[in-house]
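Worksheet: the structure to be examined is printed underneath.
The values are calculated or read from the model by the stated rules, or taken from the named source; none is laboratory data. The shown structure was predicted, so the numbers you read here are calculated from the model rather than taken from an experiment. Don't worry about glycine lacking a Cβ; one is built from the backbone with ideal geometry, like all the others, and counts go over all protein chains shown.
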Amino acid sequence: MTQNKITTPFTQKLGIRYPIVVAPMFLISNPDMLVAAGEAGAIAIMPSLNLRTAELFEDALVDIKKRTSAPFGINLILLQNPRLQEDLDLIIKYKVPLVVTSLGNPAPVIEKVHAYGGLVFCDVINLQHAKKVKDVGADGLVTVSFGAGGHAGKVAANVLVPWLKKETGLPVLASGGISTGEQIHAALALGADAAYMGTRFIATQEAPAEEGYKQMILSAGPEDIVLSPEVTGHDCNFLKDSLARYSSGEVGLKRWKDVWSAGQGVGLIHDSPTIKDLIDRLVSEYRESVLRIQKTI
Ligand SMILES: Cc1cc2nc3c(=O)[nH]c(=O)nc-3n(C[C@H](O)[C@H](O)[C@H](O)COP(=O)(O)O)c2cc1C
């Protein structure tokens with residue numbers, strides 16, 4: 001009989017049931033999402049900066065730990081982040097099980113998180129950065145491919161995942177465009193330890209995104225996603241109609257809050273379920289996909 005688990009070295013290390021990571025999203029990820037994903041057998045990550053002050057970040061950590069014993073993750077931006085030291089101290093104080101770093105040199109973070117037994121995975125989009133984070137002791141990579149929500153890479157996922165895994169030998173979390181269980185299966189087949197999914201989880205009941213944002217994700221296709229450096233100075237994927245308002249010079253629009261980021265996986269998103277229902281569905285789609293492919297051999 002199949003156990004109610006999908007096991008990879010990553011799920012075993014963290015003690016989670018499924019290789020599904022609800023990716024960190026600026027202004028979206030919140031404690032409710034972390035608790036719901038953890039209780040449903042996946043793991044979710046929140047950028048520490050989603051809380052406006054370090055005090056509020058500490059309150060959020062206490063709140064999450066009170067509501068669930070499931071592991072969760074925190075995302076730390078390493079460059080131009082005046083709260084880096086304070087937030088890292090809180091991560092250490094509360095022994096956050098998984099830390100994902102973006103931009104910059106993760107060496108000091110890795111040393112301190114390893115000291116209490118936590119794991120550090122690093123966002124990368126190319127081999128050069130992947131080798132650097134490997135050299136300073138990263139536990140694994142988040143491979144951000146072309147078509148991902150947020151700041152996307154330039155390499156297609158079905159190349160990036162096996163390429164960086166082979167070149168570095170590190171565990172890989174596949175990021176970019178994954179919205180279904182079939183795609184989780186494909187990511188694992190390419191050598192990933194887990195699927196790292198952002199956009200799909202914006203259209204969930206727990207995500208605090210505006211209704212208009214969720215509706216735009218439900219009605220968009222991959223061709224409605226535009227890669228542009230216009231908003232943040234770096235290539236970032238946005239919903240076309242939302243970016244058009246910004247580009248037209250409409251006044252008072254705030255980056256990220258009013259200009260909505262999403263990845264090409266929008267084409268496969270048609271509803272806004274609870275996080276638990278979504279994770280259960282992803283797991284059944286994954287199993288159906290595995291069984292279907294098994295019949296081919
Ligand atoms: C609205 C939005 C905000 C994001 N903010 C962050 C962030 O603050 N830190 C980070 O490391 N990644 C961020 N990302 C990237 C995600 O963590 C993840 O890599 C990406 O969403 C995966 O691609 P997908 O959206 O196609 O699933 C963001 C993505 C989106 C859509």
**OP:** Quick one: count up the residues across segment 157-193 that are farther than 23 Å from Glu285 by Cα and within 17 Å of the chain's Cα centre (by Cα).
**Re:** 2
Original post:
What residue, among those in segment 115-154 that are under 14 Å from the mean Cα position of the chain (by Cα) and hydroxyl-bearing (Ser, Thr, Tyr), is farthest from Leu239 (Cα to Cα)?
Top reply: Thr143
Original post:
Within the set of pairs 6+ apart or on separate chains, which have a first residue in segment 251-264 that is β-branched (Val, Ile, Thr), a second that is outside any loop (DSSP other than H, G, I, E, B), and C-beta atoms under 8 Å apart?
Top reply: Val259/Phe238; Val259/Ser242; Val259/Leu243; Val259/Arg245; Val259/Tyr246
Subject >> Matching residues in segment 226-270 - criterion: being under 26 Å from Ala195 (Cα atoms), of a type in the set (Phe, Trp, Tyr) and in contact with a strand residue (DSSP E or B) (Cβ under 9 Å, 6 or more places away or on another chain) >> reply: Phe238, Trp260
Original post:
Which of the residues that make up segment 95-105 are buried (at least 16 other Cβ atoms within 10 Å of the Cβ) and away from the ligand (no atom under 13 Å from the Cβ)?
Top reply: Val96, Pro97
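Given the structure, is Thr143 within 24 Å of Asp32 (Cα to Cα) and within 14 Å of the ligand (Cβ to nearest atom)?
Working: within 24 Å of Asp32 (Cα to Cα): no; within 14 Å of the ligand (Cβ to nearest atom): yes.
In short, no.
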Original post:
Which residue pairs have Cβ atoms closer than 7 Å, lie 6 or more positions apart in sequence or on different chains, and pair a first residue in segment 2-13 that is under 15 Å from Leu282 (Cα atoms) with a second residue that is modelled with pLDDT of 95 or more and surrounded by 14 or more Cβ atoms within 10 Å (Cβ to Cβ)?
Top reply: Asn4/Arg17; Lys5/Arg17; Ile6/Tyr18; Ile6/Pro19; Ile6/Val283; Ile6/Tyr286
**OP:** Kindly provide the set of residues from segment 129-149 that are touching a helix residue (DSSP H, G or I) at 6+ places or on another chain (Cβ under 6 Å) and of a type in the set (D, E, K, R), ordered by number.
**Re:** Lys134
Original post:
of a type in the set (Val, Ile, Thr), modelled with pLDDT of 95 or more and surrounded by fewer than 20 Cβ atoms within 10 Å (Cβ to Cβ), is that true of Val62?
Top reply: yes
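Within the bounds of segment 134-153, is there any residue that is assigned to a helix (DSSP H, G or I) and touching a residue at least 24 places away in the same chain (Cβ under 8 Å)?
In the first step, residues of segment 134-153 are kept if they are assigned to a helix (DSSP H, G or I); the result is 134-135.
With the extra rule that they be touching a residue at least 24 places away in the same chain (Cβ under 8 Å), the set shrinks to 134.
Yes, the conditions are met somewhere in segment 134-153.
Before we move on, is His185 within 11 Å of the ligand (Cβ to nearest atom), in contact (Cβ under 8 Å) with a residue 24 or more places away in the chain and surrounded by fewer than 24 Cβ atoms within 10 Å (Cβ to Cβ)? Step through it out loud before you land on a result.
Working: within 11 Å of the ligand (Cβ to nearest atom): no; in contact (Cβ under 8 Å) with a residue 24 or more places away in the chain: yes; surrounded by fewer than 24 Cβ atoms within 10 Å (Cβ to Cβ): yes.
In short, no.
Only one of these is within 15 Å of the ligand (Cβ to nearest atom) and without any contact (Cβ under 8 Å) to a residue 60 or more places away in the chain: Leu90, Leu78. Name it.
Numbers: Leu90 fails: within 15 Å of the ligand (Cβ to nearest atom).
Checking each option against the conditions leaves just Leu78.
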**OP:** May I ask you to list the residues in segment 27-42 that are surrounded by fewer than 18 Cβ atoms within 10 Å (Cβ to Cβ) and either within 16 Å of the ligand (Cβ to nearest atom) or under 22 Å from Val172 (Cβ atoms) (or both)?
**Re:** Leu27
Original post:
Can you tell me which residues in segment 69-82 are buried (at least 16 other Cβ atoms within 10 Å of the Cβ) and either in contact with a Ser or Thr (Cβ under 9 Å, 6 or more places away or on another chain) or among the β-branched types (Val, Ile, Thr) (or both)?
Top reply: Ile74, Asn75, Leu76, Ile77, Leu78, Asn81
